[in-house]
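Notes follow once the structure below has been shown.
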Amino acid sequence: MSLPLEVEIKLPTGTTYKQPTGLFINNEFVYPKQKKSFEVLSPSTEEVITSVYEALEEDVETAVQAAEAAYKTNWTWGPPEARAAVLYKLAELVDKNAELLASIETFDNGKSLQNSKGDVALTAAYFRSCAGWCDKITGNLINTGNSHFNYTQRVPMVCGQIIPWNFPLLMLSWKLGPVLATGCTTVLKSAESTPLSALYVGKLLVEAGMPKGVVNIISGFGATAGAAIASHPRIDKVAFTGSTNVGKIIMKAAAESNLKKVTLELGGKSPNVVFDDADVSKTVKHLITAIFFNTGEVCCAGSRILIQSGIYDKIIKEFKKETEKIKIGNPFDPETFMGAQASDIQFKKILKYINSGIEQGATVITGGKPVEGKGYFIKPTIFADVRPDMDIVKDEIFGPVVSVIKFDTVDEAIELANDTQYGLAAGIHTNDINKIMKVSNAIKAGTIWVNTYNDFHPMVPFGGFSASGIGREMGEEVFHEYTQVRAVRIAISNTN
Ligand code: NAI
Ligand code: MG
């Protein structure tokens, strides 16, 4: 019996809901040409939740044709208020379905319900922020004297978007918000381990009044559907969030196909720097949020903590104590802060890094093992006595594992902070404005958080330096990434 296009799923909360399984193309859930499907797992229970249909190259082509047709309509070229209305309505629907969306996310991804609820709130906030931008994406009038009239326009594009599994819903919002605001159209592929919330948003897009073909959402794998997006000859722009390795593959595919515009939000190994004058208990809260929020599966996780020698012992003592209080386990328990890692692959990758840290001689301050029983749970882990050449210090682990390094001077802190191929984010903890200015100006990273961490706002742009990526999401900057500038120069005839 073939998989229906909608299945009933019973969530661990007891709620039952209708989950679409097809490809969302032209505002309908449809079968892929080959009718292949794949299983969706719950990482906290290791059970199969459902299967969903899998897009292959020919389905990407169908979805691109839908996006191209929508691009020719009044949605793209007509009044921006129409797009704002859909975005406002979408934000309202996300709020209205917050409980359900958060539960779907927790079931599929393993993250705690606390974390999922935060993601849903940020998703609604971002759509709302984008709604306000629709009629503010303008060009310039350029004065070159009275012989010419010059202006620029910001022209939307047909896009392809590939998102990861660590924040399935939130990353979808960072991708779809600017698409809907600018008049772009898109084919978005969710990550193969977390396809459910994205498909559910398909339903909400229809309810919000989005015309057909504007946003098409497909489930599928990277090497097939993802690669077909990156190398598609008629997609004008690809936006990707994921690993640095795949980012490089995408950039190459973009170059070899049609030189499509590329934005990449990639990995990190972000430093979190604590100076002697920092407030111990407030700082420790931020260190915990920086590395253990979302089970450490955060691109900008503060995974290298640098602590000045005068406060080192106090911070370590408090950090260990507070880390050991973290509630980990059943992600649906409202008290749980840390749920499961998103997949078996990720679980094994993290444990391999933990073992390499132990083998290479680092000291485990706390954690260092999985939680016994079903599900991919790993204890929050702090390593000290690390050397710069250790894998746990150099590589992105993407889990609840942090290395702590001691330093003496401000210059040493800057040097250690920048000793990485990445440049996504950094944290600085001090009340000394001179240190804040010196260190924030010297750290090579796209975001610097001072006396806070993992602290996002729709108006503040986010993205990386060097191996952490290209381009920015959110803020005003993102609208430049989703539009191309057309300059029009008109010669004025002398009519006298
Ligand atoms: P990944 O980069 O393979 O997956 C992210 C997305 O890219 C998924 O939708 C996947 O289907 C797609 N993809 C994979 N190969 C592709 C290809 N050849 N062409 C087009 N799309 C492709 O990441 P993965 O393997 O799931 O995780 C590995 C590591 O990547 C993690 O341990 C973490 O270090 C990093 N990562 C970073 C993220 C971030 O937010 N910056 C998010 C997810 C992973
Ligand atoms: Mg899953």
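Read the figures in this text as sums done on the coordinates, not as results from a lab. Owing to the predicted nature of the structure, the values given are computational and were not obtained by experimental measurement. Positions of Cβ are backbone-derived with ideal geometry, glycine not excepted, and every protein chain shown enters the neighbour counts.
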Between region 183-204 and region 292-321, the alpha-carbon center distance in angstrom | 34 Å
For peptides 56-69, 310-323, sequence by mean Cβ density within 10 Å, most packed first | 56-69, 310-323
List, in the order given, every pair from Lys136/Lys260; Lys189/Lys248; Lys352/Lys379; Lys96/Lys374 whose Cα-Cα distance in the structure shown is over 22 Å.
-> Lys136/Lys260; Lys96/Lys374
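Report, for the chain, the % of DSSP beta bridges that are antiparallel, rounded to 5. Show your work: numbers first, answer last.
Details: 35 of 73 bridges.
So the antiparallel bridges amount to about 50 percent of the total.
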Looking at region 407-479, which GluC sites (Glu not before Pro) are DSSP coil and have at most 13 other C-beta atoms within 10 Å of their C-beta?
-> Glu476
Likely footprinting exposure, Asp119, Asp236, Asp108, fewest C-beta neighbours within 10 Å first = Asp236, Asp119, Asp108
Whole Å is fine, so just give me how far the alpha carbon centre of region 29-73 lies from that of region 89-165.
-> 22 Å
On average over all directions, what projected area in square nanometres does region 271-458 have, based on the convex hull of its Cα atoms?
-> 10.5 nm²
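Please compute the Kirkwood hydrodynamic radius of the chain from all pairs of different C-alpha atoms, in Å with one decimal. Numbers along the way, then the final one.
Details: mean 1/r = 0.0426 Å⁻¹.
Here the Kirkwood hydrodynamic radius works out to 23.5 Å.
Between Glu6 and Asp455, what FRET efficiency comes out of the Förster formula 1/(1 + (r/R0)^6) with R0 = 45 Å and r the beta carbon distance, rounded to 0.05? List each step's numbers first, then the result.
On the way: r = 38 Å, r/R0 = 0.85.
Step by step, r from the Cβ atoms, then E = 0.75.
Helix-derived [θ] at 222 nm for the chain: sum -39500 (n - 2.57) over DSSP H runs of at least 4, divide by residue count, nearest 500? Present the calculation step by step, with values, prior to reporting the outcome.
Values: 16 runs with 182 residues, N = 496.
My calculation for the chain gives -11000 deg cm²/dmol from helical runs alone.
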In what sequence do Ser403, Ser440, Ser193 fall when counting other Cβ within 10 Å, fewest first?
-> Ser440, Ser193, Ser403
